Amino acid sequence: MNQTNPLFYLFKKLTWPKKLIAIAVCISSLGSLTGLLVPLVTGKLVDKFTLESINWNFIAIFLGIFIMNTLLSGLGLYLLSKIGEKIIYAIRSMLWQHITHLTMPFFDKNESGQLMSRLTDDTKVINAFISQKLPELLPSVLTVLGSFIMLFVMDWQITLVTFITIPIFIGIMIPLGKIMQRISKKTQAEIADFSGLLGRVLTEMRLVKVANTERLELEKADNNLQRIYDLGLKQAKITAIIQPISGLVMLLTITVILGFGALRVTSGAITAGTLIAMIFYVVQLSSPLVNLSTLVTDYKKAVGASQRIYEIMQEPIEDFTLPEVVEESQHPSLIFKDVTFKYDTTTVLQAVNFEILAGKVTAFVGPSGSGKSTIFNIIERMYDIEQGMITYGDQSIYNIPLATWRHKIGYVMQTNAMMSGTIRDNILYGINHAVSDEELETYAKIANCHDFIQNLEQGYDTLVGERGIKLSGGQRQRIDIARSFVKNPDILLLDEATANLDSESERKIQTALEELMEKRTTIVIAHRLSTIRKADQIIFLDQGVITGSGTHQELMQTHEKYQQFVATQNLTE
């Protein structure tokens with residue numbers, strides 16, 4: 001951050017509406033310039049005004065200038081605010097697009113609640129600066145400069161005396177702005193932590209209630225809120241210092257003008273109308289000066305809030321624009337050559353070599369934590385390997401565009417991830433081709449989930465709730481299988497965990513899976529002896545190293561640990 005201003009970094013990444021900015025600047029400038037004529041005309045009106053000879057033309061000009069100033073200033077401010085809203089929309093859109101394309105290691109280390117806070121709370125602070133404070137900058141600067149020029153023209157001696165207060169004002173504002181930036185950065189961090197806590201607790205509310213940890217979570221939240229409250233008070237103190245100081249500077253300036261100006265009027269150096277016009281100009285300065293003074297603190301707050309957004313924008317994203325696909329063979333195999341993978345500093349896979357045969361079933365077995373799920377993650381390209389090569393047919397999987405590669409893969413998971421929405425939405429989630437109702441029902445029947453869906457009150461339009469909470473584990477898994485049928489992937493990843501299901505659900509799921517696996521390259525993390533026996537090849541993984549491979553019969557004869565594993569794991573038929 002010492003070298004890069006995070007707010008300017010965000011600004012550079014955006015496409016600015018140049019025509020709209022030019023129009024808004026012109027209109028706003030005209031509004032400010034007409035505003036500068038109002039005190040001058042007022043002074044002239046005072047000097048020339050007599051009851052005997054009222055100059056109606058002059059009054060009409062005065063009213064015309066006043067109305068024009070009001071209209072132009074209002075329109076200019078609206079257009080500048082519109083630009084501010086466009087910019088904050090672009091920042092939020094850019095940040096969300098970047099977050100959705102970040103690599104999985106980033107999400108492993110960052111809570112979803114914190115990321116939501118960055119998207120909403122941090123951008124809200126930047127929004128307040130861009131759409132509310134920044135539009136006032138140009139009118140304020142023009143008014144301040146114009147007013148000082150007019151004051152100099154009218155009486156440079158009085159104007160010089162009023163300048164005494166300005167250096168004092170600036171000397172106080174700069175350090176306060178720096179303090180405000182530090183406080184803002186801490187505040188946004190605390191708000192992000194609080195959002196992270198909320199996200200964590202709300203998504204696991206059942207665990208919180210079963211574990212009776214409501215009081216513990218409340219205490220954590222209270223500590224967080226107390227820190228946010230304390231930081232909010234510090235911000236309020238700075239604001240409470242800035243506003244009165246601005247007012248005091250204005251009062252001092254008016255007092256100086258009245259005192260010194262009265263002497264100038266008495267000596268005949270200036271007229272009474274000129275003095276009134278000068279007081280008008282000083283009063284007209286008050287609002288822009290306050291805007292400019294708070295602009296500094298709001299800018300510092302925006303820089304503080306944009307720091308974490310800047311850090312997120314520096315995180316590497318998945319590359320969706322890799323080299324063109326080389327023509328693949330008709331039924332390619334997936335081959336791991338000397339693949340080593342580390343998670344942080346922990347080695348999970350150590351120089352593994354194996355071939356996933358095309359159109360066959362390959363089962364991975366081994367103790368918990370041996371690296372089976374890691375292989376699935378690597379195949380999906382959620383994580384990058386440390387060393388080695390993975391080829392699909394005669395090309396590296398890393399030379400296949402990421403979206404194309406993932407479209408080839410279907411994954412039936414233990415967790416059966418579901419999005420909030422209807423059953424129809426979930427079966428068709430991520431499907432990039434049109435699917436008729438008849439096709440949908442056909443696939444649902446093959447996946448053994450059509451009957452239970454039909455029995456629901458709203459059928460395929462039934463809402464599943466957050467993370468599919470309204471459905472049973474078996475129902476969620478069958479919907480997951482139906483989604484894979486619709487997707488029709490070349491490679492099927494199957495985490496076959498059905499131990500927590502009743503026997504009827506398990507039977508239906510097994511029937512659906514056997515249909516899904518037909519003539520497809522299937523990779524299974526096997527939990528059932530029947531699946532292991534049917535597998536074309538079994539790979540035994542132990543602490544990140546492959547210690548054996550072959551059919552069930554071959555491994556039972558040659559692999560002692562496999563024999564023990566089959567005997568002690570109570571694998572179901």
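The values are calculated or read from the model by the stated rules, or taken from the named source; none is laboratory data. This is a predicted model, so every value here is computed, not measured. Reconstructed Cβ throughout: ideal geometry from the backbone, glycine too, with neighbour counts over all protein chains shown.
Some observations on this one:
- Residue that is surrounded by the most Cβ atoms within 10 Å (Cβ to Cβ) [pool: residues in region 459-487 that are in contact with a strand residue (DSSP E or B) (Cβ under 8 Å, 6 or more places away or on another chain), assigned to a loop (DSSP other than H, G, I, E, B) and not charged (D, E, K, R)]: 464
- Selection within region 94-128 - closer than 12 Å to residue 313 by Cα, in contact with a Ser or Thr (Cβ under 9 Å, 6 or more places away or on another chain) and either among the charged types (D, E, K, R) or surrounded by fewer than 16 Cβ atoms within 10 Å (Cβ to Cβ) (or both): 118
- Complete set of residues in region 98-130 that are touching a helix residue (DSSP H, G or I) at 6+ places or on another chain (Cβ under 9 Å), outside any helix (DSSP H, G or I) and modelled with pLDDT of 80 or more: 102
- Of the numbered criteria (1) surrounded by fewer than 13 Cβ atoms within 10 Å (Cβ to Cβ); (2) of a type outside the set (Phe, Trp, Tyr); (3) more than 30 Å from residue 189 (Cα to Cα), the one residue 254 fails is (1).
- The requirement of being among the hydroxyl-bearing types (Ser, Thr, Tyr), under 33 Å from the mean Cα position of the chain (by Cα) and under 28 Å from residue 198 (Cα atoms) is fulfilled nowhere in region 62-81; no residue meets it.
- Spans of strands (runs of 3 or more DSSP E) in region 348-441 with at least 3 residues closer than 30 Å to residue 530 by Cβ: 361-365, 409-412
- Of all the residues in region 1-56, those that are β-branched (Val, Ile, Thr), within 23 Å of residue 144 (Cβ to Cβ) and modelled with pLDDT under 85 number 6.
- Test: residue 306 is of a type in the set (Gly, Ala, Ser), closer than 29 Å to residue 112 by Cβ and in a helix (DSSP H, G or I): yes
- Among the residues making up region 139-152, those that are surrounded by fewer than 19 Cβ atoms within 10 Å (Cβ to Cβ) and among the aliphatic types (A, V, I, L, M) are 141, 144, 145, 149.
- Options 187, 159; residue that is in contact with a Phe, Trp or Tyr (Cβ under 6 Å, 6 or more places away or on another chain) and buried (at least 19 other Cβ atoms within 10 Å of the Cβ): 159
Residues are listed down the side, and each one gets a yes or a no for (1) among the polar types (S, T, N, Q); (2) without any contact (Cβ under 8 Å) to a residue 24 or more places away in the chain; (3) not in a helix (DSSP H, G or I):
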{"position": "171", "(1), (2), (3)": "no, yes, no"}
{"position": "176", "(1), (2), (3)": "no, no, no"}
{"position": "187", "(1), (2), (3)": "yes, no, no"}
{"position": "193", "(1), (2), (3)": "no, no, no"}
{"position": "207", "(1), (2), (3)": "no, yes, no"}
{"position": "216", "(1), (2), (3)": "no, yes, no"}
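- Close pairs (9 angstrom Cβ cut-off, 6 or more residues apart or separate chains): of a type in the set (Asp, Glu) in region 360-384, in a loop (DSSP other than H, G, I, E, B) anywhere: 384/103
- Condition met for residue 509 (crowded, with 17+ Cβ neighbours inside 10 Å and modelled with pLDDT of 75 or more): no
- Search result, residues across region 521-543 that are buried (at least 21 other Cβ atoms within 10 Å of the Cβ), polar (S, T, N, Q) and part of a strand (DSSP E or B): 521, 522
- Just so you know, in region 340-349 the residues that are at pLDDT below 90 and of a type outside the set (Ser, Thr, Tyr) include one that is farthest from residue 541 (Cα to Cα), and it is 344.
- The residue of region 129-158 that is nearest to residue 298 (Cα to Cα), among those that are touching a residue at least 40 places away in the same chain (Cβ under 8 Å), out of contact with any Ser or Thr (no Cβ under 8 Å at 6 or more places or on another chain) and of a type in the set (Val, Ile, Thr), is 130.
- Positions within region 6-21 being more than 29 Å from residue 311 (Cβ to Cβ) and surrounded by 10 or more Cβ atoms within 10 Å (Cβ to Cβ), in sequence order: 20
- Within region 1-29, no residue that is closer than 16 Å to residue 88 by Cα and of a type in the set (A, V, I, L, M, F, W, C) sits with its Cβ atom under 6 Å from a residue that is outside any helix (DSSP H, G or I) and at pLDDT 80 or above at 6+ positions apart or across chains.
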